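Below you'll find the structure, written out as structure tokens, and then a few comments.
Rule-based calculations on the coordinates, nothing more; no lab input. Quick caveat: nothing in here was measured; it's all calculated off a predicted structure. Here the Cβ positions follow ideal geometry from the backbone for every residue, glycine too, while neighbour counts run over all protein chains shown.
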Amino acid sequence: MRRLRTIFPAMYTRSADIPARSRDATLYLLRCIFLMGVRKPPARFFLAYLAWSFALNLCSTFYQPIGFLTGYISHLSEFSPGEFLTSLQVAFNAWSCSTKVLIVWVLVKRFDEANTILDEMDKRLTKASERLQVHRAVSNSNRIFFFFMTVYMVYATNTFLSAIAIGRPPYQNYYPYLDWRSSYWHLGLQAGLEYFAMAGACFQDVCVDCYPVNFILVLRAHMSIFADRLRHLGTDPMENQEQRYEKLVQCIQDHKVILRFVDCLRPVISGTIFVQFLVVGLVLGFTLINIVLFANLGSAIAALSFMAAVLLETTPFCILCNYLTEDCHNLANALFQSHWIDGEMRYKKTLMYFLQNLQQPITFMAMNVFPISVGTNISVTKFSFSVFTLVKQMNIAEKLSKSEEDE
């Protein structure tokens, strides 16, 4: 445990005496985004970074969706129903993952801008209790990141091992000059290439799915601290009217910094969550069909881990969005509960204007189409049961099983 604390110190809550570093909530996330090959190459390892970026993104971002589609066209008749659904459920998710990676690639600088804004928020933390609250958010954020990584990688490894056990590649993608049926050498090479591509895709998926959770967790900690700051406005008997007004103005500036942080991340979140909302119901539907009707024990375990990974792509952040709306209401209540009754007219007018702004909740939209919330997540997830019901009613599963027996 002590060695783990030395290697990953940001996973553990620091002492309240240590200055807060909110940017550490995304410490391991941004390191992994760097390993995705979407950052500016460092001068010292310029060629090595370019080579790694080319290899990973060629296999995982660009070729893997093409490989799925080409494999269906070339060898569709050779798939068993379970193998086809296993491949299809991953194919849709791979296409969405590639799209999300490209969105993050284009807007990756916004993560650095968001961390710079977090540094501004940290300068306002003067109490030990405030620093401790941010330290807890930082450690929880990094633990969640590693939890995401574990779930995603368990799926990739389970699928690989269960496929190797039955002597087939995991997804039967198309690779030129490779025929896995011809020899064990070709089988091992194709399985290895598919595992590398899928592990790389899972690695990328962790980064593009977990970043909203990492950033919003630490934002909620700052909003909780900000609510306490608002609640104590005007309670110091030693302050004169001018000092009280200056503190109110400073709180207005703090709120502007919070809104600037949200606006910085909004385009990235809007694009990646929209893409995931489009495919999550369909992917979960294919996974349910595979588990219930076709999967053996090994593939069922792999499918269940895949389902957990798909649910992690939207559910935690949607829950946080609901909490964020509640946090905004708490800010307005905290300001109203402050000691403003005996304030001067200028103070009251400014406070009322500020109160109106605080009553507007912080919300995220998926490309201005879907509000990102638990309700929307439930709605798109329910579509998976519609897919499952449609397949059952049309007897597609029985037809696929019968055609496989005829062959």
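Each residue of region 27-35 was assigned a 3J(HN,Hα) from its phi angle through the Karplus curve 6.51 cos²θ - 1.76 cosθ + 1.60 (θ = phi - 60°); the sequence is 4, 6, 4, 5, 5, 6, 5, 4, 6 Hz, with glycine and proline shown as x.
Tell me the mean residue ellipticity at 222 nm calculated for the chain from its helices only (DSSP H runs of n ≥ 4, each -39500 (n - 2.57), averaged over every residue, nearest 500). Working shown, then result.
Values: 14 runs with 297 residues, N = 407.
The helix-only estimate for the chain comes to -25500 deg cm²/dmol at 222 nm.
Based on the mean of other beta carbon atoms within 10 Å per residue, what is the order of 179-185, 6-12, most packed first? Don't skip to the end; give the middle numbers.
Details: 179-185: 11.7, 6-12: 13.7.
Those peptides, ordered most packed to least, come out 6-12, 179-185.
Sorted by mean Cβ packing within 10 Å, highest first, what order do the peptides 284-291, 352-359 take?
Sorting 284-291, 352-359 by mean packing, highest first, produces 284-291, 352-359.
Around the Cα centre of region 1-54, unit charges on the Cβ atoms of Lys, Arg, Asp and Glu (plus for the first two, minus for the last two) sum to a dipole of about 100 debye. Plainly put, region 2-406 has a radius of gyration that is 1.07 times its Kirkwood radius, both from alpha-carbon atoms, as the Rg/Rh ratio. Placing unit charges on each Cβ (+1 for Lys and Arg, -1 for Asp and Glu) gives the chain a dipole about its Cα centre, and among Ile289, Leu324, Asn93 the Cα reaching farthest toward its positive end belongs to Leu324. Ranking Gln64, Val262, Gln172 by how far each Cα lies toward the positive end of the dipole of region 2-406 (charges on Cβ) leaves Val262 at the top. In a simple Cβ point-charge model (Lys, Arg +1; Asp, Glu -1; nothing else charged), region 2-406 has a dipole of about 880 debye relative to its Cα centre. Taking a point 7 Å from the Cα of Thr116 along the Cα-to-Cβ direction, the residues of region 188-224 with backbone N closer than 20 Å to it are 215-216, 219. Among Glu194, Glu239, a tally of other beta-carbon atoms within 10 Å of each Cβ gives an order, fewest to most, of Glu239, Glu194. The HN-Hα couplings worked out from phi for region 282-287 by the Karplus form 6.51 cos²θ - 1.76 cosθ + 1.60 (θ = phi - 60°) are 5, 5, 5, x, 4, 5 Hz, whole numbers, x standing for Gly and Pro. Ranked by the mean number of other Cβ atoms within 10 Å of their residues, highest first, the peptides 40-48, 15-23 fall in the order 15-23, 40-48. Taken over region 2-406, lysine pairs spaced eight or more positions apart, or on distinct chains, with alpha carbons under 22 Å apart number 15. As a proxy for reagent exposure, ranking Asp236, Asp209 by other Cβ atoms within 10 Å from fewest up yields Asp236, Asp209. Quick one: go through region 25-40 and flag any residue whose amide nitrogen is under 19 Å from the point 7 Å out along the Cα-to-Cβ line of Leu58. Within reach of a label on Leu58, which here means backbone N under 19 Å from a point 7 Å along Cα→Cβ, region 25-40 contributes 35-39.
Distance from the Cα centroid of region 114-146 to that of region 300-353 is 16 Å (rounded to whole angstrom).
Shape call for region 1-78 from the C-alpha gyration tensor, a ≥ b ≥ c root eigenvalues: rounded (a/c under 1.5), prolate (a/b greater than b/c) or oblate? Don't skip to the end; give the middle numbers.
Values: a/c = 3.54, a/b = 2.10, b/c = 1.68.
Cα axes put region 1-78 in the prolate bin.
Report relative contact order for the chain in percent, whole number only (criteria: Cα-Cα under 8 Å, sequence separation at least 6).
Details: 489 pairs, mean separation 92.7, N = 407.
It rounds to 23 percent for the chain.
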